[in-house]
Amino acid sequence: MELNKLSYEEAMSKLEGILEELENDNITLNDSLNKYRQGMELYNYCSDILKKAEGEIKIILEERDTIREIDFVREGEDEYC
Amino acid sequence: MKPLKVYEVNNYIKRIISGDMVLSNLKIEGEISNFKHHYSGHMYFSLKDDRSKIKCVMFRADNEQLHIKLEEGMKIIASGYVSVYDRDGDYQFYIRSIEEKGVGDLYKAFEELKKKLQKEGLFEESRKKKIPYLSKKIGVVTSSTGAAIRDIVSIIKRRYPPCDILIYPTLVQGTNAPMELCQGLKYLDDRLDIDLIIMGRGGGSFEELFAFNDEKLARTISNLKTPIISAVGHETDFTISDFVSDLRAPTPSAAAELAVPDISYLYNNLNNKYDILSNFILKKLHTYKNDLNMAERALRYNDPSINIRDKKLDIDNLYKELNYSVEKILSKEIKRLILLENRLKILDPNQFLDKGYGILYNSRHLKVKSIDELKVDEELHILHKEGTIKTVIVEINKGGLQDGTK
């Protein structure tokens, strides 16, 4: 399973799928341990996405045919955010 | 010719003008300039177009009825009459009522464009792209000043802090606004890192929002590869951009709410899955452990060594039984033997000899069984305890012992 290509939503629905499969009584111990391992990987992947550091806020600045991004300063807040 | 007084001339002109069919009731279209709202309540300004201008007055009683606020530069259509102000000799347009020029036209243009694009299918539900569940980077096309961008940024940051935001600042009203909006949209759409675009502005008059009713802008929006949320003005304001966008938000704040989910909700949901997953595997392992324990007990119960021990016991028992039976048979035989021995003892001839009896044998050494086989003068042998006696029969008397003695 290549995790880093999945979107959060896809990872979530895979995780839900695994939970559903685990609820099947016919699953073998080996399979259920594999599924559990996959589920934990998906959980950690989703959790990492949410834990990503504060996203940046930039504003496009156009100057003489060049486009730059600079930090966007919000009014009434610290200089940089 | 007698010269006339100035006031007489002005009065004369006033009479002529007042009698004119056209000038006594007309509408004039133009742009307001030199607007003055006098403390008396009357309004003084000029109406102008690119070639000329005319002085206007609107008295308090009339301007109090207005539904719009007159401003410098506003294009209006005014109804009233032309007359002369005797004192200054100025002719003026006396305005009774005003309609905002263009609003009617703008509405018409809006409705026409809406119909046209609808016919082309640009508003079709099937064309609308799905708003990503969780955008990594959101592009915002709006004015870099004002409440809209502030609201959008702070709400996105509050709900989902990991999200990156890239702002493309543009004009949001006026004739250049549609072009700048299109540029912004295209720029963000061409970038590969933008998951979602929010385009919008805060509230304003119909005219101020009209940049978002531009046909080119509508077509640019409909050609975007990136999903877009449109948020123009307030709840009640609808623009062509709203119809053609993938999602319409009633306000810029609402657009931000629709753009990203609340991170605490995501965490709750995710942690819930984690709990289910770990509880499940713990339960599963517990069950398997129990099963294993039971299997172990069953195995131990069915241990072959127990079986062997049992079999040994069986063999021991059988051996005992066998011994017992043999002993029983032996003792029975012994009893029989003793019995036989006793019988034998009874039959032993010696016991008679011991008592002093003798046994008779004939000459051929056969035991004499009957008196009838004997003859007188026949030799007889008598076996006695102490030896044998050879004798000859003298007399034979058949009958009982008693008879013999008789």
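Quick look at the numbers
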{"read-out": "Pairs with Cβ under 8 Å, 6+ apart, first in the stretch B:4-30 and under 11 Å from B:D86 (Cα atoms), second charged (D, E, K, R) and assigned to a loop (DSSP other than H, G, I, E, B)", "value": "B:Y7/B:D86; B:N10/B:D86; B:N11/B:D86; B:K14/B:D86"}
{"read-out": "So B:L185, is it in contact with a helix residue (DSSP H, G or I) (Cβ under 7 Å, 6 or more places away or on another chain), part of a helix (DSSP H, G or I) and crowded, with 20+ Cβ neighbours inside 10 Å", "value": "yes"}
{"read-out": "Filter pass, B:L166 being assigned to a strand (DSSP E or B) and either in contact with a Ser or Thr (Cβ under 8 Å, 6 or more places away or on another chain) or surrounded by 17 or more Cβ atoms within 10 Å (Cβ to Cβ) (or both)", "value": "yes"}
{"read-out": "Qualifying residues in the stretch B:117-131 (those that are over 16 Å from B:A254 (Cβ atoms) and in contact (Cβ under 8 Å) with a residue 24 or more places away in the chain) - the one farthest from the other protein chains (Cβ to nearest Cβ)", "value": "B:Q118"}
{"read-out": "Considering residues of the stretch B:154-180 that are within 8 Å of chain A (Cβ to nearest Cβ) and aliphatic (A, V, I, L, M) only, the residue nearest to B:Y267 (Cα to Cα)", "value": "B:I165"}
{"read-out": "Hey, B:L374 within 14 Å of chain A (Cβ to nearest Cβ) and either in contact with a strand residue (DSSP E or B) (Cβ under 9 Å, 6 or more places away or on another chain) or closer than 30 Å to A:Y8 by Cβ (or both) or not", "value": "no"}
{"read-out": "Members of the stretch B:132-153 that are within 8 Å of another protein chain (Cβ to nearest Cβ), surrounded by fewer than 19 Cβ atoms within 10 Å (Cβ to Cβ) and touching a residue at least 60 places away in the same chain (Cβ under 8 Å)", "value": "B:P132, B:Y133"}
{"read-out": "Which listed residue, of B:N293, B:N272, B:N279, is over 21 Å from the mean Cα position of the chain (by Cα) and not assigned by TED's automatic domain parsing to the domain that holds B:T145", "value": "B:N293"}
{"read-out": "So B:Y288, is it assigned to a helix (DSSP H, G or I), modelled with pLDDT of 90 or more and aromatic (F, W, Y)", "value": "no"}
{"read-out": "Top-ranked residue in the stretch B:248-277 [being in a helix (DSSP H, G or I) and within 23 Å of B:R201 (Cα to Cα); ranked as farthest from the other protein chains (Cβ to nearest Cβ)]", "value": "B:A254"}
{"read-out": "Residue selected from the stretch B:181-211 under the condition farther than 19 Å from B:G146 by Cβ and in contact (Cβ under 8 Å) with a residue 60 or more places away in the chain, by the criterion farthest from the other protein chains (Cβ to nearest Cβ)", "value": "B:L196"}
{"read-out": "Candidate set from the stretch A:11-24 (those that are more than 9 Å from chain B (Cβ to nearest Cβ) and not in a loop (DSSP other than H, G, I, E, B)); member that is surrounded by the most Cβ atoms within 10 Å (Cβ to Cβ)", "value": "A:A11"}
{"read-out": "Pick from the stretch A:25-39, criterion more than 7 Å from every other protein chain (Cβ to nearest Cβ) and touching a helix residue (DSSP H, G or I) at 6+ places or on another chain (Cβ under 9 Å), ranking: surrounded by the most Cβ atoms within 10 Å (Cβ to Cβ)", "value": "A:K35"}
{"read-out": "Members of the stretch B:188-203 found to be assigned to a loop (DSSP other than H, G, I, E, B) and within 33 Å of the chain's Cα centre (by Cα), listed by number", "value": "B:R191, B:L192, B:D193, B:I194, B:D195"}
{"read-out": "Scan of the stretch B:222-243 for residues that are farther than 19 Å from B:D190 by Cβ and part of a helix (DSSP H, G or I), ordered by number", "value": "B:I240, B:S241, B:D242, B:F243"}
{"read-out": "Residue match in the stretch B:86-102 (condition: touching a residue at least 24 places away in the same chain (Cβ under 8 Å), more than 30 Å from B:S18 (Cβ to Cβ) and outside any strand (DSSP E or B))", "value": "yes"}
{"read-out": "Residues of the stretch A:50-65 that turn out to be assigned to a helix (DSSP H, G or I) and at the interface with another protein chain (Cβ under 7 Å from one of its Cβ atoms), as a count", "value": "1"}
{"read-out": "Total residues in the stretch B:47-66, condition under 17 Å from B:R96 (Cβ atoms) and in a strand (DSSP E or B)", "value": "6"}
{"read-out": "Selected residue (only one of B:K108, B:K115, B:K36 is at pLDDT 90 or above, under 60 Å from the mean Cα position of the chain (by Cα) and loosely packed, with under 14 Cβ neighbours inside 10 Å)", "value": "B:K115"}
{"read-out": "The one condition in (1) within 11 Å of another protein chain (Cβ to nearest Cβ); (2) modelled with pLDDT of 80 or more; (3) assigned to a strand (DSSP E or B) that A:R68 fails to fulfil", "value": "(1)"}
{"read-out": "Residue check for B:D90: acidic (D, E) and either out of contact with any Lys or Arg (no Cβ under 8 Å at 6 or more places or on another chain) or surrounded by 15 or more Cβ atoms within 10 Å (Cβ to Cβ) (or both)", "value": "no"}
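Yes/no matrix, rows are residues, columns are (1) surrounded by fewer than 10 Cβ atoms within 10 Å (Cβ to Cβ); (2) at pLDDT 90 or above; (3) not aliphatic (A, V, I, L, M):
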position: B:A255; (1), (2), (3): no, yes, no
position: B:K284; (1), (2), (3): no, no, yes
position: B:L292; (1), (2), (3): no, no, no
position: B:I306; (1), (2), (3): no, no, no
position: B:Y319; (1), (2), (3): no, yes, yes
position: B:Y324; (1), (2), (3): no, yes, yes
position: B:N350; (1), (2), (3): yes, no, yes
position: B:L353; (1), (2), (3): no, no, no
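The values are calculated or read from the model by the stated rules, or taken from the named source; none is laboratory data. Keep in mind it's a predicted model, so treat the numbers as computed, not measured. FYI the Cβ positions are ideal-geometry reconstructions off the backbone, even for glycines, and counts take in every protein chain you see.
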